[in-house]
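Any read-out appearing in this document is the output of simple, stated calculations on the displayed coordinates, not a laboratory observation. Keep in mind it's a predicted model, so treat the numbers as computed, not measured. FYI the Cβ positions are ideal-geometry reconstructions off the backbone, even for glycines, and counts take in every protein chain you see.
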């Protein structure tokens, strides 16, 4: 898919995120929106997957280690055809399969249940290791928050992945700079993120704009060409990207838009969509 | 009397893994720098490419096991009970239990019989912790024969299983042709009408001894080996309580939340009878030789006998 098409798709994914969260009346827009582009790139361009056969043995795997941004994952899965887009409005509702955090038992396309921060990366490492053990060629991707990497387990997993030279593993850090209590550097600075992964024997790619498809493409191509060590893509993003009043606002980490805010958010995204169509 | 054969169930675990590994290519063993102690080193020797040492990082090991399980292989994650059930509790709950992944946890060095290492390593809370996880099977074998059968049954069972093994060599007591192991099914080792003793792990053998001593005084105790704490064989427990009217539980675990807790919960709802829980009485262990510790904490035959006498 061309970058422009991917951008348009990402904009649709963002609409799905906002729509789902509005209907859920709770959830996490900021980190879902910051990662909407990487979700889109992974599911529409990068990964070897088949929405008609979600459990295909040789598929690439994705683990959403920052599981609270499930609306982003659900929206891209729906957009990709794993389940009906109409179901997104059941997010977090009693009886819905779209749980507040990813549930692999019930959601087509979800490769691992996650939500308790720091744990998803270990599961991704396990999948990558398993592929190596049986000489399978699938690749494993996992997305972490920049706040999430404060969890010690992340570094246990990183140490193991580096030591085992898991070059079929790509760890993506969504560096949107904000966590619940404020700026990541004010709460408990994880910086420098790149040097930490380097020290754990990762090939590190810094992406200065993780909301830019061309940069994402270059990064994932480089990761694929990297042999003998796992790759970490540290991508700078804008939290709340695409919705004017949510961008870079810590208050929109975990709050759903009300009716008025929803209308404005959708208007913002419509405008982005129209602009993309003019290109 | 000929000398009784004694084997630590952690050794049984290592040996059983090798046997299973021969039959099943999809079996993978994980350890956290304790392969010599957990005895998965035996497996490592036989199948080095299928033995993964995760280093001293038990939380990550549980996550790796979960990830491996999603790909269809059957991981046995091994470390001390303290770190498997204690340190990594939340990883086991959220990454293994919640997605109901086919991970087997081989937790060695359970209970105070760890001995000299002392309280920090003597896990007496693991049954309680693991039992609260929906869908988790929790089991603890009484000897070598049962341990091997348990490991095989755990492999065959689809879903998470927590198994606790011991460091101390314990007598082989199930060496008879009628012995049959089934997860979730208790085994009646002795019939009696005056009370029921329900035990597991290394407490089964001294419970049998205590029952023999009681019999000398005309007190006939039924003895049941509940190797699977969850799912509990409620039918057997309830029937025994109704039949004998009194129940004693014996375990190398806190009296809170383990076998005693499980039996009390079951009987309170289905067949209320007086119950005496013998175990670790809400205290930490301490350093010392394993056998001396078991004696001090009342888990040897004499201690069990004494506590039962005081109860009835």
For the stretch B:8-55 and the stretch A:71-112, what is the separation of their C-alpha centers, rounded to whole Å?
38
Once the Cα atoms of helix B:259-270 and of chain B are each reduced to a long axis, what angle between those two axes, in degrees from 0 to 90 to the nearest 10, is obtained?
60
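Enter the per residue convex hull volume of the stretch B:1-74, computed from alpha-carbon coordinates, in Å³ rounded to the nearest integer. Please list the in-between numbers first.
On the way: hull volume 7.8 nm³, N = 74.
Roughly 106 Å³ of hull volume per residue.
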Using label points projected 7 Å from each Cα along Cα→Cβ, tell me how many nm separate residue A:244 and residue B:46, to one decimal.
6.9
Taking the DSSP beta bridges in chain A as the whole, what percent of them are antiparallel, to the nearest 5?
10
Sort out for me the Cα centre separation of the stretch A:116-139 from the stretch A:1-69, rounded to whole Å.
20
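Among DSSP bridges having both ends in the stretch A:139-194, what percentage is antiparallel? Round to the nearest 5. Before the final figure, lay out each step's value.
Details: 2 of 8 bridges.
Close to 25 percent.
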Residue-normalised 222 nm signal for chain B, counting each DSSP H run of n ≥ 4 as -39,500 (n - 2.57), nearest 500 deg cm²/dmol, is -10500 deg cm²/dmol
Which shape class applies to the stretch B:189-245: rounded if a/c is under 1.5, otherwise prolate when a/b exceeds b/c and oblate if not, where a ≥ b ≥ c are the square roots of the Cα gyration tensor eigenvalues?
oblate
Evaluate Rg over Rh across the protein assembly as shown, taking Cα atoms for both radii and Kirkwood's formula for Rh.
1.06
What shape does the stretch A:157-279 have by the C-alpha gyration tensor, where a ≥ b ≥ c are the square roots of the eigenvalues, rounded means a/c under 1.5, and otherwise prolate means a/b greater than b/c and oblate the rest?
oblate
Using the alpha-carbon centroid of each, what span in Å lies between the stretch A:146-195 and the stretch B:101-156?
33
Length gained when the stretch residue A:97-residue A:209 is fully extended (0.36 nm per residue, less Cα-Cα span):
37.0 nm
Within the stretch B:103-117, whose backbone N sits under 16 Å from a point 7 Å along Cα→Cβ of residue B:157?
B:103-108
What nm value, rounded to one decimal, do you get for the distance between residue B:269 and residue A:183 when each label is placed 7 Å out toward the C-beta?
5.4
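Looking at the square roots a ≥ b ≥ c of the eigenvalues of the Cα gyration tensor of the stretch B:145-301, which shape do they give, rounded for a/c under 1.5, prolate if a/b is larger than b/c, or oblate?
Details: a/c = 1.26, a/b = 1.05, b/c = 1.20.
Rounded, because the longest to shortest axis ratio a/c is under 1.5.
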For the stretch A:51-201, state the average projected area of the convex hull of the C-alpha atoms over all orientations, rounded to one decimal in nm².
9.4
Other chains' Cβ within 10 Å of B:96-109 residues: what's the mean?
2
Could you work out the relative contact order of chain B, using alpha carbon pairs under 8 angstrom and six or more residues apart, expressed as a whole percent?
18
Between residue A:225 and residue B:24, with labels modelled 7 Å along Cα→Cβ, what's the label distance in nm to one decimal, could you check?
4.3
Can you say what percent of the DSSP beta bridges in the protein assembly as shown, counting only those with both residues inside, are antiparallel? Round to 5.
15
Per chain A, sqrt(5λ) over the Cα gyration tensor eigenvalues, sorted largest first, in Å, gives 27, 21, 18
Determine the gain in length on full extension of the stretch residue B:295-residue B:310; use 0.36 nm per residue of separation and subtract their C-alpha separation, reporting nm with one decimal.
3.7 nm
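How big is Rg to Rh over chain B, alpha-carbon atoms, Rh as the Kirkwood inverse-mean-distance radius?
Working: Rg = 18.5 Å, Rh = 19.2 Å.
Taking Rh as the inverse mean 1/r over Cα pairs, Rg/Rh reads 0.96.
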Residue span residue B:282 to residue B:239: 0.36 nm per residue of separation minus Cα-Cα distance leaves a gain in nm of 12.6 nm
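FRET efficiency for residue B:209 and residue B:36, Cβ-Cβ distance as r, R0 = 41 Å, nearest 0.05? Write down the numbers at each step before the final one.
Working: r = 32 Å, r/R0 = 0.78.
Given R0 = 41 Å and the Cβ-Cβ separation, E is 0.80.
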Here FRET efficiency (C-beta to C-beta, residue A:199 to residue A:165, R₀ 22 Å, nearest 0.05) is 0.90
